[in-house]
Amino acid sequence: MRKLLLAVGFIAAGLTATGAIAQTTPPPYPGGPTTTAPSPTSAFQDLGTKPVPSTFDISFCQFIGQTESTVDESQGDSQQAGINNCVTKSIELSFATGTALAAGGPLAATNFAQTAPQVRIRVNGRLYPTKPLGFTHTITVRGTGTNGAARTVTAIFRTVRAGSTTTRSGLARTGTFAVQYAPLGVGLVGLGYLLVLATRRRRTV
């Protein structure tokens, strides 16, 4: 009888110990310890001014997988991130044909807000709505970042006339040179006049 009671006691003690161990051992996945989810990331690029006409590339990096984009709030193209975790947008800026001041006409100094030339913008070969010269363009790329969370990268740039101090026609170029060298011409004419006066005085003497 004593042996039986001892056996029952050992069994009860073993069950109690097993239960205690089970309570202190973390439960297996998915009910195990939780980890903090990665946070969304973002970046901003201010590219300053870009001349019209011109072509250039913009890189949007730290992406994995497929990305979506917008250009001046218009739906852009989808693009797969490359092995360098970047997507590249090729930008082409040109003046829309037939718009006022596209070639720098005589109206450049009057009523500019209403007659400003319209700029055509292409991104990766796709044409988007034209905007006036001086407009600040915004290109945004969204997708999954390299940390596994959502990522957004925005780039902005403002358009300016290429070579704004350089004229684009022979007539305007001639006018520019005339203004540039006018003081020299006046000086030479004055010097010639003084030489003529000096010569006349010698003859009269």
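A few points about this structure:
- In this calculation the C-beta distance from ILE64 to SER90 is compared with R0 = 22 Å, giving a FRET efficiency of 0.55.
- A Förster radius of 35 Å, combined with the Cβ-Cβ distance separating ASP46 from LEU188, puts the computed FRET efficiency at roughly 0.10.
- With both labels modelled 7 Å from their Cα along Cα-to-Cβ, the THR35 to THR146 distance reads 1.8 nm.
All of the numbers you see were taken from the coordinates with simple rules; none came from a lab. Just so it is clear, the structure is predicted and the values come from calculations on it, not from any experiment. Ideal geometry is used to build each Cβ from the backbone, glycine not excepted, and the neighbour counts take in all protein chains shown.
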